[in-house]
Structure formats: C-alpha cells, structure tokens
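Structure, as structure tokens:
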Amino acid sequence: MKLKFLGGAGTVTGSKYLISHNQQRVLVDCGLFQGVKKLRLQNWKSFPIDPKTINAVVLTHAHIDHSGYIPALRKTGFKGPVYCTRGTYDLCRILLPDSGFLQEEDARYANKKKFSRHSPAMPLYTEKEAIESLKLFKPIHYHESIEVANGIKARFTPVGHILGSSAIQITAGGKTITFSGDVGRSEDLVMRSPEPLNETDYLVVESTYGNRKHDETDPFEFLKNVVNKTMERGGIVLFPSFAVGRTQTILYILQVLKERNEIPDVPVFLNSPMAITATEIYCNHHKEHRLSADECTKIDKGTHFVRTPEESIELNKRKYPSIIISASGMASGGRVLHHLKTLLPNHRNSVVFVGFQAPGTRGDAMVNGAQQVKIHGAYHPVRAEVSHLDSLSAHGDYGEILEWLEHSKIAPRQVFVTHGEPAASDSMRLKLEEQFGWRVEVPDAGDEFEL
Ligand SMILES: [Zn+2]
C-alpha cells in the first residue's frame, strides 16, 4: 500500500490523501484549498494524477476544505463512488451547490472588474455541476466495513467535529491506516465526544490546534451578559454565524438561557437559508448528537426562520430588542452584511462573533477594534459593541487530541501529522513523540510513502 499527500499537508485546507494498492486508487477527502490567493490558485492546477484512474473517494466530513473539490474531480473524469456517512451526504447537498454558486459569483465579479488573467473568467465548477456530482455519493453507516475498491476496505468512526464527521480506517493488503479527519472536542455542547479508534498500523492525524489550547470562557455566561446588557440598552444582538454547527450551538445556548429565565424572552431570528436547512438536518439526525428530539422541537418553536429576501429586508427595518443570527460567520458575505450596515452605527446594538476570524476578513478587523468597515463599497462607523466568543471551536486542541489517542490504546508503527500550519504540525509531532514514543513525521505536499 502507498500513501501520497496531495493536499492538507503544510496547511489546513485542501485535504486530499491518495491510497494506492494493487493498481487500485482511493482518495481520502477531496477538499478545496481556501484562504490566501496563493493557496486558492492551487485549485486550478491540473490534478497530479488522472482522475479517471481513481476508483473511489472516501469523505471524512462535509466541510468544503474536505469535500469542495469533488465537483472539479468529476468534471475532469472521475466517475467512481463517493462514500460518506448519511449526515455528511445531507450536509454536502447544501454545501457543494453553494460552493458552486460562490465560484460562479467570483467569476462574474472578475469579469465585471476585468481583473482575471483569463477572459472570460470561468468558475472552477458551477452550481449545476456541484448538484450533478451529488449523484456519485453513496451514504453508508458508521462502523460498517465496506469494500470501496478491489481489495480496499473502509470503516467510519464518529469523531464529533460536525454532524456526520468521521475518522476513516482503510484496510488493504493486511495493513491498516487510519485518517483522523477533523477531530471534535471532548466536551462539545452539541456533538458527542470522538469515539476511540481501533488498532491501526499507520495514523494520519490533524493538527489545527497542534500548538494552542482553547480559551475556556463559559459560553452561557458570556452570552447571558451580552444579551442582557444589550436588551437593557434597548438594542439588537447580531451574531454573524457559520451555517453548519456554530448556528445550532448558538440556538441551543439561547434556548437554554431563556428556559432558565437568565435572558428575557425576546424573539430570535435565524436569517440564512443555508443555516435554516442545516438546522433541519441536525434535527433530523438528532440521534447522532447530544440534542434530543425534544430540545430540537424547542429550538424550532423558539426561532423565527427568515427564508425569503423580502422577509430579510423586513427584518432589517425592525427596531425593537431582538436577537438575529445570520451568515456568514466572518462577515465576508451573505445577508449579515445588510444587518451590519443597519446595526453597526448605533451604540445600543451588539455584534458577537462566535468563531475563528481569518486575517483580512471584516470579522477580524472588527474584533481587533476597527472604527469603521467597508460594506458594499461604502464605509460604516462601528459604534455597536463588538465582542468575540472564541471558546466554541469545533476542533479539539492538542490536549484533547492526545487524550483521545490515549483512550484509543493504539500503537501505530508510523504517524503522519497533517492539517495544520507548519508550527502547529511540528508542535503536535513533538508532543506525540514525547507522550507515546511513536515515530512521527510531518509530510510535505507531494510526499509519497510505501507502507
Ligand atoms: Zn472541518
């Protein structure tokens, strides 16, 4: 069996790992590179091997940096099945078409501004092509061992990162290799803790937080304070939020705070069609996470779902105290921009960012104290109270991942650390060597290993 790192090595995005065995090829994850331009341009390079020769893709979870290249792979000749859990499939049904739509928007924008080197600028793939690629998906159950190519088997284990997320164990030629995927938290509010892994010969483990520990702010206390302060001022609380995962956590916390009478019973609006669908998908899969059917029903009853553009415009005119959750999470696009334009200039309001803010985004500027932000070509003063709740990450930090591996009681003969910035991956390598005495390597993109 051979393992080649095609992406997600030396960086956190673009996860793609190729397993070859007896002329069979299986790609583990098929993600888009995201972030700075140099990385994004990598999505446009021709794929290092002929996509026609890949027999199957196995997908750890639905995030675009793990799944977003599938439509492009199909477009260039891949015809095989994409195996993933049902939760991952359901989320890909909303995330991949949206990714295609955004690619088309970018191309339209580049054509309008004429800054593309190509004329006309083309999308990497369209919304329609993304929808087409969904036909390749074959949802499977957790813990079921399935033959994904001749002589290559795969088995999925829940790892609590987002709905459907899995570690994948591949078996071929009498050897096993396990890919951690993105690993969740030990004490997440919505997702259950990652399940221990089975014994494995080789391990590929993520290191997003390989050199950092999470902030331990209690999210209930934090949000209780922000909401109460804002309501006393007669203002509106706005959450720019990520549609999948984070939105459902915020809805749950607000529901609990209302039930405990710790915040007033003000209306909660969810203004993002994608976050609304993601919330429905989370509720349909309630057996796979900590929220019970009853809690899902309460969230459903306690939330006003804002679906149409007209309803969104209406919502933006309301002046009385309320809570609005709207995407995107870093205020880089989406309906939240309209709310920001209306709410930022007034000191009564609050804007609460609830996750990592990438450098260069409006969210990053605001949490770092920007006095004004540019939205739709004009500057808007930031007078609302801006705060940042950073303790709700969906990734385990190095302490949590080490603990999970300790519980797994495995003894791999070789470990590869991926999915991190170089300093984070190297720090994770040292910790694994020190704590377990394992042989650990941090591969570069393009590296290949005979297992
Ligand atoms: Zn992820």
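Got a number for residues in region 309-336 being over 21 Å from the mean Cα position of the chain (by Cα) and closer than 24 Å to R233 by Cα?
Qualifying residue count, region 309-336: 13.
Can you pull out every residue in region 379-421 that is within 18 Å of the chain's Cα centre (by Cα) and within 30 Å of R348 (Cα to Cα)?
Matches in region 379-421: L389, D390, S391, L392, S393.
If we scan region 113-123, do we find a residue that is surrounded by 18 or more Cβ atoms within 10 Å (Cβ to Cβ), touching a residue at least 24 places away in the same chain (Cβ under 8 Å), of a type outside the set (D, E) and under 19 Å from S67 (Cα atoms)?
Within region 113-123, the first condition is being surrounded by 18 or more Cβ atoms within 10 Å (Cβ to Cβ), and the residues that meet it are 123.
Retained after the next criterion (residues that are touching a residue at least 24 places away in the same chain (Cβ under 8 Å)): none.
Within region 113-123, none of the residues are surrounded by 18 or more Cβ atoms within 10 Å (Cβ to Cβ), touching a residue at least 24 places away in the same chain (Cβ under 8 Å), of a type outside the set (D, E) and under 19 Å from S67 (Cα atoms).
Residues being in contact with a Gly (Cβ under 6 Å, 6 or more places away or on another chain), assigned to a helix (DSSP H, G or I) and among the aromatic types (F, W, Y): count how many of those fall in region 100-132.
Counting residues in region 100-132 that are in contact with a Gly (Cβ under 6 Å, 6 or more places away or on another chain), assigned to a helix (DSSP H, G or I) and among the aromatic types (F, W, Y) gives 0.
Examine region 388-399 for a residue that is hydrophobic (A, V, I, L, M, F, W, C), touching a residue at least 60 places away in the same chain (Cβ under 8 Å) and within 16 Å of the ligand (Cβ to nearest atom), and state whether such a residue exists.
To start, the set of residues in region 388-399 that are hydrophobic (A, V, I, L, M, F, W, C) comprises 389, 392, 394.
Okay, now just the ones that are also touching a residue at least 60 places away in the same chain (Cβ under 8 Å), so 389, 392, 394.
Next, only the ones that are within 16 Å of the ligand (Cβ to nearest atom) stay: 392, 394.
Looking through region 388-399, at least one residue is hydrophobic (A, V, I, L, M, F, W, C), touching a residue at least 60 places away in the same chain (Cβ under 8 Å) and within 16 Å of the ligand (Cβ to nearest atom).
Report whether or not V415 is of a type in the set (V, I, T), open to solvent by less than 10 Å² (accessible area, probe 1.4 Å) and over 27 Å from V36 (Cα atoms).
Details: of a type in the set (V, I, T): yes; open to solvent by less than 10 Å² (accessible area, probe 1.4 Å): yes; over 27 Å from V36 (Cα atoms): yes.
In short, yes.
Condition (residue is of a type in the set (A, V, I, L, M), open to solvent by 10 Å² or more (accessible area, probe 1.4 Å), assigned to a loop (DSSP other than H, G, I, E, B) and away from the ligand (no atom under 16 Å from the Cβ)) applied to region 184-191: is it met by at least one residue? Walk me through it before giving the result.
Here is the first cut: in region 184-191, the ones of a type in the set (A, V, I, L, M) are 189-191.
Adding the requirement that they be open to solvent by 10 Å² or more (accessible area, probe 1.4 Å) leaves 189, 191.
Subset that is assigned to a loop (DSSP other than H, G, I, E, B): 189, 191.
Filter once more, keeping what is away from the ligand (no atom under 16 Å from the Cβ): 189.
There is at least one residue in region 184-191 that is of a type in the set (A, V, I, L, M), open to solvent by 10 Å² or more (accessible area, probe 1.4 Å), assigned to a loop (DSSP other than H, G, I, E, B) and away from the ligand (no atom under 16 Å from the Cβ).
Report the residue count in region 150-176 for those that are surrounded by fewer than 24 Cβ atoms within 10 Å (Cβ to Cβ) and either of a type in the set (S, T, Y) or in a strand (DSSP E or B) (or both).
Looking only at that region, the number is 10.
Identify the single condition in (1) open to solvent by 10 Å² or more (accessible area, probe 1.4 Å); (2) out of contact with any strand residue (DSSP E or B) (no Cβ under 8 Å at 6 or more places or on another chain) that G355 does not satisfy, given that it satisfies every other one.
Only one criterion in (1) open to solvent by 10 Å² or more (accessible area, probe 1.4 Å); (2) out of contact with any strand residue (DSSP E or B) (no Cβ under 8 Å at 6 or more places or on another chain) is unmet by G355, namely (1).
Which count do you get for residues in region 17-55 that are among the aliphatic types (A, V, I, L, M), under 20 Å from R155 (Cα atoms), crowded, with 23+ Cβ neighbours inside 10 Å and within 23 Å of the chain's Cα centre (by Cα)?
Count: 3.
The values are calculated or read from the model by the stated rules, or taken from the named source; none is laboratory data. These figures come from a predicted structure and were not determined experimentally. Every residue, glycine as well, gets a Cβ built from its backbone with ideal geometry; the counts of neighbours run over all protein chains shown. Heads up: the accessible areas ignore ligands, DNA and RNA and are worked out on the full protein's heavy atoms, side chains in. Shrake-Rupley method; radii C 1.70, N 1.55, O 1.52, S 1.80 Å.
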